[in-house]
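Undergrad: Structure in C-alpha cells, see below.
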Amino acid sequence: MGSTLAEKIIAKASGRESVSPGEFVTCAVDLAMMHDSGGPRRVEPILKRLDAKVWDPDKVVLITDHFVPPVDAMSAAILDLTRKWADANGITNFHDMQGICHVVLPERGHLSPGMFVVGGDSHSPTGGAFGSFMFGVGATDMAGVLVTGETWTKTPATIRVDIDGELGTGLSAKDIILHLCARIGMGGAEYQVIEYGGATVAAMSMTERMTLSNMAAELGAQAGLIAADATTTAYIEAAGGNPGNPAQWQGDADAKYLRTHTVDASALEPHVAAPHSPANSAPIDDHSTVAVDQAYIGACTGAKLEDLQMAAAVLKGRQVATGTRLLLAPASTRVTAAAAADGTLASLTAAGAILMPSGCGACAGYGAGILAEDEVCISSTARNFQGRMGAVSSKVYLGSPYTVAASAVAGRIADPREFLVGETS
Amino acid sequence: MNECGKAWVFGDNIDTDVLAPGLYMKGPLKVLAAHCLEAVDPDFAPNVEVGDVIVGGENFGIGSSREQAVQALQFLGVRTLIAKNFAGIFFRNALNFGVVALSCAEVDKITAGDQLSCDPEQGRITNHTTGETYACDPLPEQLLAMVTDGGLVDHLERRLAKKEHAS
Ligand code: SF4
C-alpha cells in the first residue's frame, strides 16, 4: 500500500521506511519557528530550569509579530526580551518587526517540501502549503524541541480535499475554506491531516494556497498539506530558498485516505462566517443587511500581496462609505513594499483605507484596531471568536478580501460581484 | 503503573473550558483545580482522590490548547485518563505533563465508582469491580518513559543529568 505525503515526511523525520496512522514516532525537527508571544518569554524559564542550550540555532526562526509595534511598556518589554534572547542564543534567523510569522517564514525562503517543522502558533499549518509537515505546539513542546531537536507525534491519518472547477469572479481561496468550515465544522478534522488537491488548487498561487492551509487550523487538523509543484518551486527559488526535490514529496496514487471531500469551486458563492465561529459560514446573501463599523484587511490569513490586490480590484476608483472605516495591515513589510511598487497600495489609500503596521495587529486584539462594545466588523482574518478583536459584545464576520472591500464601500456586508461585473478577476 | 483507582465517568466533548474554566485561568492552579469539571459534576473536585481515573467519551479535551486543562486534573491527583478518543492537542499536553491518556472503544462498559487499573504498555484496562478487561491503544516505550518521569520537562531533566554523569 502506498503512503500519503504526510506519512512520507513523518517516516523520513523518524528514520523509518514507512509509518501508518496511529503509530507513535519520535521525529527529528528540521525547523522550529517561534514568535514574540509564545516564544522566548515562555520557553526561556524551561531552558533555564534544564540548564540547556538551543540544539541548533540555525534551525530556529524567531519572528516578532504579536506585540509589533509595542503599544505599552509591557509589550515593549516582551520585544526587548525577545531581541536579547535571540542575541544570547545566536539565532541569526531573527526577523524583527518584518511581518506576521506565517507569511515571513516562507517569504524569507525558510520552508521547502518534505520538511518536518514545528511552530509555536496555532496557525502553523500555513506552512503545509509548501509541502512541509508543519504543526503548532505549545511552550512545553517547543522547549523540548529546542533542547533535543526532536519531538514525538502520533501519526495522523489524512483527509483528502479535492477542489475542482474554476473560481468565479470575486471568489478566492478564502471562500473555499469558509465553505469547508461550514461543511466539516470546527475541529471536524480531529487532528488528522488535511491534504488539498485538485485542479483548482493546482491553478492557485502560493499565497492563495497558504490561505487554505492556514485555516486547516480552524478545521482542527494537525497540518494542512499541499504537495509541491512548479508553482511551489518557483516561489521558493524567488524567495532565495532551496526547493530540494519536490518530486520525492508527493503522495502515492494508492495512498489510503481516511475520507475524501470534493468541492466544486465553479458553483461556489462568496461566503461569510457570522459571529462567533468560522463554522457559522454561509453564502453571503444571508447577511446583506448587516451594517459594518469596521472593515479589516489584515492577518496571516488575509493580508498577503494577492489579498491586497483583491481588495484593490474592488476599491479602485471607489470610496469607503461614510460611517465605516477600513483598516489595512499588510501581512509583512515586503508585502507593503510590493503593494507600493505595483500601485495596489495607492488604490487602497485613495479609497480611504487607513494603513497600519505589519503585524498581528487587530486580529487577536494585541495591537491597534480594537472594536468597541456592539461594533460590527467584517474581517479577512481566520477567527471570529467572541471578544477576540475587542469588546465582548462586538461582532466579527469573516470574509474574503474582496468581500471585506465591497462591504467597506457599501457600509454593509456586500457581495463583491456587484462591484466586479464586467471586470476580470 | 498498575495501581487501582476509582472511575469518574463523564460524557462526550468534555472541553478545556469545563476542565479549566476561563473565569479562573488568571488565578493560581489551586483555585482553578477547585473548579475543574464543576460545570458537569460539582462533586468531582471536592471528592476526587489521588489515583482516581477519569473516564470520558468522544473528543475528551476539545477546545483550546491551554495546558492548564491537564494541570488542573493533575493537581487533583488524577494520573490516568481513559476516553473513546482525545482531542489532539490535549492528548499531547496530557502526556507531556506526565498524565497517561488511553483511547479505549469500550468505555461505555465502565460505571462510576468501578475500580480500574491499566497497563498502558500492553494496552489493557482491568475493571476489578466487574472482572472485565478492555483493550486500549498502547503507549510506546519512549512515551511511557516520559510519562513515568513525570512529563516532558522532568524527562529531559533526567536525560540531561544522565548525560552529564556519563561525560
Ligand atoms: S495574524 Fe492573527 S491568526 Fe495570524 S498569527 Fe497573528 S494573531 Fe494568529
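The values are calculated or read from the model by the stated rules, or taken from the named source; none is laboratory data. This one's a predicted model, so the numbers in the text were calculated from it and none came from an experiment. FYI the Cβ positions are ideal-geometry reconstructions off the backbone, even for glycines, and counts take in every protein chain you see. Heads up: the accessible areas ignore ligands, DNA and RNA and are worked out on the full protein's heavy atoms, side chains in. Shrake-Rupley method; radii C 1.70, N 1.55, O 1.52, S 1.80 Å.
Undergrad: At a 4.7 angstrom Cβ threshold, list every cysteine in chain B that has nobody to pair with, or say none.
TA: Among the cysteines of chain B, those whose Cβ sits 4.7 Å or more from every other are B:CYS4, B:CYS36, B:CYS118.
Undergrad: Now, a different point. Go through A:SER112, A:ALA73, A:ALA299 and say which Cα lies farthest out towards the positive end of the charge dipole of chain A; charges sit on Cβ, +1 for Lys and Arg, -1 for Asp and Glu.
TA: Of the candidates, A:ALA73 comes out farthest on the positive side.
Undergrad: Right, here's the next one. Does any residue of the range A:170-218 lose at least 10 Å² of accessible area with all protein chains in place compared with its chain alone, and if so which ones (probe 1.4 Å)?
TA: Listed by number, the residues meeting the 10 Å² cut-off are A:GLY187, A:GLU190, A:TYR191.
Undergrad: Turning to a different aspect of this structure: Want the number for A:ASP56 to A:SER20: 0.36 nm per residue separation, take away the alpha-carbon distance, what's left?
TA: 10.0 nm
Undergrad: Sticking with this structure for a sec: State, as an integer percentage, the relative contact order of the range B:47-102 based on alpha-carbon contacts under 8 Å between residues 6 or more apart.
TA: RCO, the range B:47-102: 43 percent.
Undergrad: Also, quick follow-up: Tell me, in nm to one decimal, what length is gained between B:ASN47 and B:ALA135 on full extension, where the rule is 0.36 nm per residue of separation less the Cα-Cα distance?
TA: The B:ASN47-B:ALA135 span can extend by a further 28.9 nm.
Undergrad: Round to the nearest 10 and report in Å² the accessible area of A:ASP87, as given by a 1.4 Å probe over the protein chains' heavy atoms.
TA: It works out to around 120 Å².
Undergrad: Considering only C-alpha atoms, what is the centroid distance from the range B:18-70 to the range A:189-235, in Å?
TA: 35 Å
Undergrad: Sort A:ASP254, B:ASP108, A:ASP293 by heavy-atom solvent-accessible area, probe 1.4 angstrom, most to least.
TA: These residues rank, largest area first, as B:ASP108, A:ASP254, A:ASP293.
Undergrad: Next up: For the range A:240-384, with only Lys/Arg (+1) and Asp/Glu (-1) charged at the beta-carbon, what is the dipole magnitude about the Cα centre, in debye rounded to 20?
TA: Its charge dipole is roughly 400 debye.
Undergrad: How high is the relative contact order of chain A, in percent, counting Cα pairs under 8 Å that sit 6 or more residues apart?
TA: 18 percent
Undergrad: Calculated from DSSP H runs of 4 or more alone, at -39500 (n - 2.57) each and per residue, what is the 222 nm mean residue ellipticity of chain A, nearest 500?
TA: -9000 deg cm²/dmol
Undergrad: Mind giving me the nanometre distance, one decimal, between the label points for A:HIS276 and B:VAL31, set 7 Å out from Cα along Cα→Cβ?
TA: Distance between label points: 2.2 nm.
Undergrad: Moving on to the next point. Taking a probe of 1.4 Å, how large is the accessible area per residue of chain B, in Å²?
TA: Result: 47 Å² per residue.
Undergrad: For the pair A:ALA267/B:GLU106, report the inter-label distance in nm, with labels modelled 7 Å from Cα in the Cβ direction.
TA: Placing both labels 7 Å along Cα→Cβ, they lie 4.5 nm apart.
Undergrad: Efficiency by 1/(1 + (r/R0)^6): what FRET value for A:ILE370 and A:THR169, r their Cβ-Cβ distance, R0 = 45 Å, to the nearest 0.05?
TA: The computed FRET efficiency comes out at 0.85.
Undergrad: What FRET efficiency comes out for the pair B:ALA39/A:ALA88, r = Cβ-Cβ distance, R0 = 41 Å, nearest 0.05?
TA: Efficiency for this residue pair is about 0.40.
Undergrad: Sticking with this structure for a sec: Note down the accessible area of A:GLU44, probe 1.4 Å, to the nearest 10 Å².
TA: Near enough 50 Å² of accessible area.
Undergrad: Kindly compute the accessible surface that chains B and A hide from a 1.4 Å probe when together, both sides summed, and give it to the nearest 100 Å².
TA: About 1900 Å² of accessible surface is lost on pairing.
Undergrad: Something else now. What length, rounded to one decimal in nm, is gained on full extension from B:GLU3 through to B:ALA145, with 0.36 nm per residue of separation minus their alpha-carbon distance?
TA: Between B:GLU3 and B:ALA145, full extension yields 49.4 nm more.
Undergrad: On the accessible surface of the protein assembly as shown, probed at 1.4 Å, how many percent belong to carbon and sulfur atoms?
TA: Exposed carbon and sulfur together represent 51 percent of the surface.
Undergrad: Once the whole set of protein chains is in place, how much accessible area is left on A:GLU375, using a 1.4 Å probe, in Å² to the nearest 10?
TA: Ignoring ligands and nucleic acids, A:GLU375 comes out at about 40 Å².
Undergrad: A further question follows. Which residues of the range B:54-69 end up with at least 30 Å² less accessible area in the presence of all protein chains than when their chain stands alone, using a 1.4 Å probe?
TA: B:GLU67
Undergrad: Give the relative contact order (percent, whole number) for the range B:1-134; include only Cα pairs under 8 Å separated by 6+ residues.
TA: 28 percent
Undergrad: Continuing with this model, one more query. May I ask which residue of B:VAL40, B:GLY113, B:GLY151 lies farthest towards the positive end of the charge dipole of the range B:4-166, with charges of +1 (Lys, Arg) and -1 (Asp, Glu) on Cβ and the Cα centre as origin?
TA: Positive-most Cα among the choices belongs to B:GLY151.
Undergrad: While we're looking at this one, here's another question. Please check which bits of the range A:104-118 a label hung off A:GLU237 would reach, taking the label as a point 7 Å along Cα-to-C-beta and the cut-off as backbone N under 20 Å.
TA: The answer is A:106-115, whose backbone nitrogens lie closer than 20 Å to the label point.
Undergrad: Here's something else I'd like to know. If you place +1 on the Cβ of every Lys and Arg and -1 on the Cβ of every Asp and Glu, how big does the dipole about the Cα centre of the protein assembly as shown come out, in debye to the nearest 20?
TA: Dipole about the Cα centre, nearest 20: 1080 debye.
Undergrad: Between the alpha-carbon centers of the range A:238-311 and the range A:97-146, tell me the distance in whole angstrom.
TA: 18 Å
Undergrad: Could you order B:GLU67, B:GLU49 so the one with the most accessible surface comes first? Probe is 1.4 Å.
TA: Of B:GLU67, B:GLU49, the descending order of accessible area is B:GLU49, B:GLU67.
Undergrad: Need the list of aspartates and glutamates near A:LYS84 for cross-linking: C-alpha distance under 12 angstrom, and skip anything on the same chain fewer than eight residues off.
TA: Filter leaves A:ASP36, A:GLU44, A:ASP96.
Undergrad: Sort A:THR349, A:THR211, A:THR289, A:THR233 by heavy-atom solvent-accessible area, probe 1.4 angstrom, most to least.
TA: Sorted descending by solvent-accessible area, the residues read A:THR289, A:THR349, A:THR233, A:THR211.
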